[in-house]
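Only one structure is covered here, and it is reproduced in the block below.
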Amino acid sequence: MSMIALTLFLLLALLAARSYFLSFRAQKSAQYIGTTPAFDIRTHLSGPILSEGVIFGPTGRAVSRFVAEMEGSWEGSRGTLTERFQYSSGDVQNRAWHLTMGNDGTFTAEAEDIIGKAHGRMEGATVRMTYRIRLKEDAGGHVLDVTDWMYLMENGAIMNKSEMRKAGIKVAELIATMRGRDAQA
């Protein structure tokens, strides 16, 4: 019996180590130093933006799709990014992020459904942001920990991947594109 318990413990420890060292969450901003094109949210999250994405549930199946119209505006080190999501279910969600840039590529962001402040960092062609979000009551009202990565492409498009976790367990994942609406074909 103790050999089974030890084996189970080692298996769980290996899974935890894999999640910590070899996963999406294990990426560090410093790994992208010098990558190009340089991502500056004051430039690349400014003006009208169109986002299209898919949300996957814990089993990896697509559970929702969305199209979002976004608008970014900046005055010095402070900016606002408004988002209007239209989901495949017909639901609509609005959010306004209020962003404040630091002097070293870091920033903070606040929104109504975010608990405390989101913390972000620009490095090379990437932006990483972490935060806690409270889902709407009709979605269960859960509080999720989010790791959000944006990757700037050579043509100016932004690829976005987010992982949402509850108690350390991945419960959802989002993949989206963002591009200036003026750049649409």
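The values are calculated or read from the model by the stated rules, or taken from the named source; none is laboratory data. Computed from a predicted structure; not experimentally measured. Backbone-built Cβ (ideal geometry, glycine too); neighbour counts: all protein chains shown. Accessible surface is based on the protein model in full, side chains and every heavy atom, while ligands, DNA and RNA are left aside. Shrake-Rupley method; radii C 1.70, N 1.55, O 1.52, S 1.80 Å.
Kindly indicate which of Ala38, Ala16, Ala26 is among the small types (Gly, Ala, Ser), surrounded by 10 or more Cβ atoms within 10 Å (Cβ to Cβ) and either modelled with pLDDT of 90 or more or in contact with a Lys or Arg (Cβ under 6 Å, 6 or more places away or on another chain) (or both).
Only one candidate passes the filter, namely Ala38.
Name the residue that is nearest to Arg179 (Cα to Cα), counting only residues in the stretch 72-109 that are part of a strand (DSSP E or B) and open to solvent by 80 Å² or more (accessible area, probe 1.4 Å).
Arg84
Surrounded by fewer than 16 Cβ atoms within 10 Å (Cβ to Cβ), modelled with pLDDT of 95 or more and acidic (Asp, Glu): which single residue out of Glu123, Glu112 fits that description?
Exactly one of Glu123, Glu112 is surrounded by fewer than 16 Cβ atoms within 10 Å (Cβ to Cβ), modelled with pLDDT of 95 or more and acidic (Asp, Glu), namely Glu112.
State all residues of the stretch 50-85 that are under 22 Å from Ala157 (Cα atoms), without any contact (Cβ under 8 Å) to a residue 60 or more places away in the chain and among the acidic types (Asp, Glu); if no residue qualifies, say none.
Glu71, Glu83
Need the failing condition index for Gly156 against (1) open to solvent by less than 50 Å² (accessible area, probe 1.4 Å); (2) closer than 26 Å to Gly60 by Cβ; (3) not in a strand (DSSP E or B); (4) not hydroxyl-bearing (Ser, Thr, Tyr), just the number.
(2)
Looking at the stretch 157-174, I want the residues that are closer than 16 Å to Gly120 by Cβ and have a partner that is open to solvent by 70 Å² or more (accessible area, probe 1.4 Å) with Cβ atoms under 6 Å, at least 6 apart or on another chain. Which pairs are those?
Here the result reads Glu163/Lys170, each pair linking the stretch 157-174 to a residue that is open to solvent by 70 Å² or more (accessible area, probe 1.4 Å).
Could you tell me whether the stretch 86-93 includes any residue that is under 18 Å from Trp149 (Cα atoms) and under 17 Å from the mean Cα position of the chain (by Cα)?
Looking for residues that are under 18 Å from Trp149 (Cα atoms) and under 17 Å from the mean Cα position of the chain (by Cα), one finds none in the stretch 86-93, hence no.
Can you tell me which residue in the stretch 126-142 is most open to solvent (accessible area, probe 1.4 Å), limited to those that are within 28 Å of Met153 (Cβ to Cβ) and in contact with a Gly (Cβ under 7 Å, 6 or more places away or on another chain)?
Arg128
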